[in-house]
Amino acid sequence: MSVLALSSLAFSQEGSIVGTVVDEDGNFVAGATAYASTASRIHKGVTPYASTDVNGQFVISKLDFGKYSVWAAKPVEDYPELYLAFYTGFAAKFPVITISAHHRSPTIVLRLGKKAGILRGTVTDAVTERPLNANVEFRWLLEPKNFMSGSGLTNAQFRILIPSDTLITMVVSLDGYENWRYESTDESRKNAILLRPQEEMQLDIRLTPKQPTRGKPQ
């Protein structure tokens, strides 16, 4: 290496995180995504990430010196995005790793969390059977402030990951329609969904159009 290259390296304020992603049994996971979110200052922009190779290995490079929270996910195999508190709870903690001049390429083994439950289904107009793209709100029954909501989740045909082994309420809404709420036949579940890891539930949701509001008689 040239003197110039050595000098550039010495003054560089960047490093990388080198790691391996494994599943619950310690097997290497190919095609997972590893993330590194800065833990020492306010994060702006896209969270740095890298995909794992066939041996479950990854390198997230060009990271400024500092502390990073790291985690991994693979939604296509039902390992959810752990950075969302909806999947982990507010008390969840991620490994923290430090990049510095003395430790430019720290290494780590990331273990994927347990697999999520899976909701599959359809949303249609209860009268015309026309496919609908609706809004949905999920909440933890025992931790109501922990929720996930938005449009584009319950489309005409949907597949959604929800935290497993957790009681989750579900409300589907759309302008011009009555709200649809999940109701359980099991009273112990208090109208909440409860799925084991990789357990699937099929929901065919029919939204009822609101009736026109009649004016008051003169």
Yes/no for GLU187 being surrounded by 13 or more Cβ atoms within 10 Å (Cβ to Cβ) and among the acidic types (Asp, Glu): no
Yes/no for ARG181 being loosely packed, with under 13 Cβ neighbours inside 10 Å, more than 18 Å from THR122 (Cβ to Cβ), at pLDDT 95 or above and in the same structural domain as GLU129 (by TED's automatic domain parsing): no
Flag for TYR35 being touching a Leu at 6+ places or on another chain (Cβ under 9 Å), surrounded by 15 or more Cβ atoms within 10 Å (Cβ to Cβ) and in a helix (DSSP H, G or I): no
Top-ranked residue of region 114-149 - restricted to ones that are closer than 30 Å to GLN57 by Cα and surrounded by 19 or more Cβ atoms within 10 Å (Cβ to Cβ), ranked as nearest to the chain's Cα centre (by Cα): ALA116
Some residue of region 87-96 being closer than 27 Å to LEU174 by Cα, buried (at least 19 other Cβ atoms within 10 Å of the Cβ), outside the structural domain of TYR177 (by TED's automatic domain parsing) and touching a Lys or Arg at 6+ places or on another chain (Cβ under 9 Å): no
All strands (runs of 3 or more DSSP E) inside region 91-153 with 1 or more residues being over 26 Å from ALA39 (Cα atoms) and modelled with pLDDT of 95 or more: 117-125, 134-140
Among (1) over 26 Å from TYR79 (Cα atoms); (2) surrounded by 13 or more Cβ atoms within 10 Å (Cβ to Cβ); (3) touching a residue at least 40 places away in the same chain (Cβ under 8 Å) - the single one VAL172 does not satisfy: (1)
Residues that are within 26 Å of GLY89 (Cβ to Cβ) and in a loop (DSSP other than H, G, I, E, B), drawn from region 154-178: PRO163, SER164, ASP165, THR166, LEU167
Unmet criterion (only one of (1) touching a Phe, Trp or Tyr at 6+ places or on another chain (Cβ under 9 Å); (2) over 28 Å from ALA91 (Cβ atoms); (3) outside any strand (DSSP E or B)) for GLU183: (1)
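The values are calculated or read from the model by the stated rules, or taken from the named source; none is laboratory data. It should be emphasised that the depicted structure is a prediction, and the values quoted were computed from it without experimental measurement. FYI the Cβ positions are ideal-geometry reconstructions off the backbone, even for glycines, and counts take in every protein chain you see.
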